[in-house]
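Student: Handing you a structure now.
The values are calculated or read from the model by the stated rules, or taken from the named source; none is laboratory data. Predicted, not measured: the structure shown is a model, and the values here were computed from it. Because the Cβ atoms are built from the backbone with ideal geometry, glycine has one as well, and the counts that use them run over all protein chains shown. Side chains included, ligands, DNA and RNA excluded: accessible areas come from the protein's heavy atoms. Shrake-Rupley method; radii C 1.70, N 1.55, O 1.52, S 1.80 Å.
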Amino acid sequence: LHGIPVGPILFLREWGMSLRRPFPRQAKGIKYERISEMMADYPDMPFVLIGDSGQEDPEIYARLVREHPGRVTAVYIRNVIRNPERREAIEALAVEMARTGSSLVLAADTLAMADHALAHGLIPADALSEIRREGEEGRRDG
């Protein structure tokens, strides 16, 4: 339906709720562990990691890039925090990742990420126009 390429996809949302624990638990380290497991399960497959600047996604992903050289094609981070120090820290991680051959894109919206993905052959050209259209519809509806 949405043109997601064939392959394993892992959406990480560890709610950790049960009848005994009705509130979400803090799952410290779960994202790193799950992605590491998936990288081990698919040793010949490249990865694209997507997250946001709100918590530790950039640092977790940078660690994975360091530990698995050549495996992470791109890291896309949606900038959800307007703190200049946080932005500088993420930009420093981007420089570090670039030295490994990976790239980290810190962007305010999906279109900026899609532009990068298109330029690096990660999405087809027709996907960009669809993403642009959906973004325009979202702005009108929002």
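Student: Search the range 95-106 for residues that are farther than 11 Å from ALA62 by Cα and pair each with any residue that is among the hydrophobic types (A, V, I, L, M, F, W, C) and part of a strand (DSSP E or B) when their beta-carbon atoms are under 8 Å apart and the residues are at least 6 apart or on different chains.
Tutor: Hits for this filter: VAL105/ALA74; VAL105/VAL75; VAL105/ILE77; LEU106/ILE77.
Student: Conditions first: (1) under 15 Å from the mean Cα position of the chain (by Cα); (2) more than 23 Å from MET38 (Cβ to Cβ); (3) not charged (D, E, K, R). THR73 passes all but one, so which condition is the exception?
Tutor: So the condition that THR73 fails would be (2).
Student: Oh, and also: If a residue has to be open to solvent by less than 30 Å² (accessible area, probe 1.4 Å) and either within 18 Å of SER53 (Cα to Cα) or without any contact (Cβ under 8 Å) to a residue 60 or more places away in the chain (or both) to count, how many in the range 118-131 make the cut?
Tutor: 1
Student: For the range 47-88, which positions are exposed (fewer than 14 other Cβ atoms within 10 Å of the Cβ), out of contact with any Ser or Thr (no Cβ under 9 Å at 6 or more places or on another chain) and of a type in the set (Gly, Ala, Ser)?
Tutor: If the condition is that a residue be exposed (fewer than 14 other Cβ atoms within 10 Å of the Cβ), out of contact with any Ser or Thr (no Cβ under 9 Å at 6 or more places or on another chain) and of a type in the set (Gly, Ala, Ser), then GLY54 is the only one that fits.
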